[in-house]
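Take a look at the structure set out below.
The values are calculated or read from the model by the stated rules, or taken from the named source; none is laboratory data. Everything numeric here is computed off the predicted structure, so don't read it as measured data. With ideal geometry, Cβ positions are generated from the backbone for all residues, glycine too; neighbour counts draw on all protein chains shown.
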Amino acid sequence: MNMRKRLVLGNWKMNGSRQDSRDWAGAAARIATDHPLIDVGIMPATVHLQEAQQAKGNSPLWLGAQNLAAYDNGAYTGEVSAQMLLEFGVRAVLCGHSERRQLLGDNDSVVKAKLQRALAAGLIPVLCLGETLEQRESGATESVVLGQLDSALSQLQSKELERIVIAYEPVWAIGTGLTASPAQAQAVHALIRSAIAQRDAILASLIRILYGGSVKGSNAAELFAQADVDGGLIGGASLVPSEFAAICRAASQDG
């Protein structure tokens, strides 16, 4: 059995009303309580963090954020600082999600700055890595993923690395209905773990690497059964409580 405690995070993206967020968070809190062998978390839109915080109550559900500023407090109109997130009980935050890399200008330098800001504030950064379809078809998956990893983790010490969660999210399998096969996912997860092992072998055996790319209740068990897949970063399926529950059940089978 995998000794790394599995983690399932629901990324709600820019979806839902305040009432939706209360309902979804309440359902996720019940799911988290029902599955104590794994960690379960949700990442609502920033403006709905308060609703989610209230709805989760004292459950073990993690509360996460989808983004944070690469700066401390100051004259950065429209940004949300790590300290602001902490006020809502946020525990983890995405850094480098593919949509922010592709659509919103978060290059490797920005991702690294955000990750370091999260670490400095005591948050758990969820570092997202992944290649586009064009990059995969050209044989560049390894160089792209390892380049993103090296950029983000360079200059960090082992005590900082051990606080990071990594999510492999092939861009070509997000919102497209396509999913990396279990073997494809495992190959990249193993690549990532091997690269970390070159820095610290013990840390590499402990760090959690999630798969994010059209995970559903129907394919979760097979994906999570892979040796280096330690859970999932779930998009659309996390907005459907029954689907999210099915994914968490699959994670608990091997948790």
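Counting only residues that are of a type in the set (Gly, Ala, Ser) and under 18 Å from Leu233 (Cβ atoms), region 40-59 holds 3 of them.
Wholly within region 144-255, which strands (runs of 3 or more DSSP E) include no fewer than the required count, namely at least 1 residues that are of a type in the set (Phe, Trp, Tyr)? Talk me through it step by step, then tell me what you get.
Values: elements: 165-168, 209-211, 231-234.
Those strands (runs of 3 or more DSSP E) span 165-168, 209-211.
Given the residues Gly78, Gly26, Gly16, which is the only one that is surrounded by fewer than 23 Cβ atoms within 10 Å (Cβ to Cβ), more than 16 Å from the chain's Cα centre (by Cα) and part of a helix (DSSP H, G or I)? Step through it out loud before you land on a result.
Numbers: Gly78 fails: part of a helix (DSSP H, G or I); Gly16 fails: part of a helix (DSSP H, G or I).
From the options Gly78, Gly26, Gly16, the qualifying one is Gly26.
Among the conditions (1) more than 17 Å from Ala32 (Cβ to Cβ); (2) surrounded by fewer than 24 Cβ atoms within 10 Å (Cβ to Cβ), the only one that Ser242 does not satisfy is (1). Ser21 meets the conditions (1) crowded, with 21+ Cβ neighbours inside 10 Å; (2) closer than 23 Å to Gly122 by Cβ in every case but one. The failed one is (2).
Evaluating Asp228 against the criteria (1) under 25 Å from Lys13 (Cβ atoms); (2) touching a helix residue (DSSP H, G or I) at 6+ places or on another chain (Cβ under 7 Å); (3) of a type in the set (D, E, K, R); (4) crowded, with 20+ Cβ neighbours inside 10 Å leaves one unmet condition, (1).
Of the residues screened, Gly175 is not one that is closer than 21 Å to Leu94 by Cα, surrounded by 18 or more Cβ atoms within 10 Å (Cβ to Cβ) and not β-branched (Val, Ile, Thr).
Return a yes/no flag: does region 81-93 have any residue that is of a type outside the set (Val, Ile, Thr) and within 16 Å of the chain's Cα centre (by Cα). If you could, list the steps in order and put the result at the bottom.
Taking region 81-93 as the starting set, the residues that turn out to be of a type outside the set (Val, Ile, Thr) are 81-89, 91-92.
Next, only the ones that are within 16 Å of the chain's Cα centre (by Cα) stay: 91-92.
For region 81-93, residues of a type outside the set (Val, Ile, Thr) and within 16 Å of the chain's Cα centre (by Cα): present.
Of all residues in region 32-51, those that are surrounded by fewer than 23 Cβ atoms within 10 Å (Cβ to Cβ) and modelled with pLDDT of 95 or more have Cβ atoms under 6 Å from Cβ atoms of residues that are of a type in the set (A, V, I, L, M) and part of a loop (DSSP other than H, G, I, E, B), 6 or more apart or on another chain, in Ala32/Leu61; Ala45/Met14; Thr46/Val80.
Residues in region 166-212 that are closer than 18 Å to Arg101 by Cα, touching a strand residue (DSSP E or B) at 6+ places or on another chain (Cβ under 8 Å) and of a type in the set (Gly, Ala, Ser) were compared, and the one that is modelled with the highest pLDDT is Ala167. Residue check: Leu127 meets all listed conditions (1) closer than 24 Å to Asn219 by Cα; (2) touching a residue at least 12 places away in the same chain (Cβ under 8 Å); (3) surrounded by fewer than 18 Cβ atoms within 10 Å (Cβ to Cβ) but one, namely (3).
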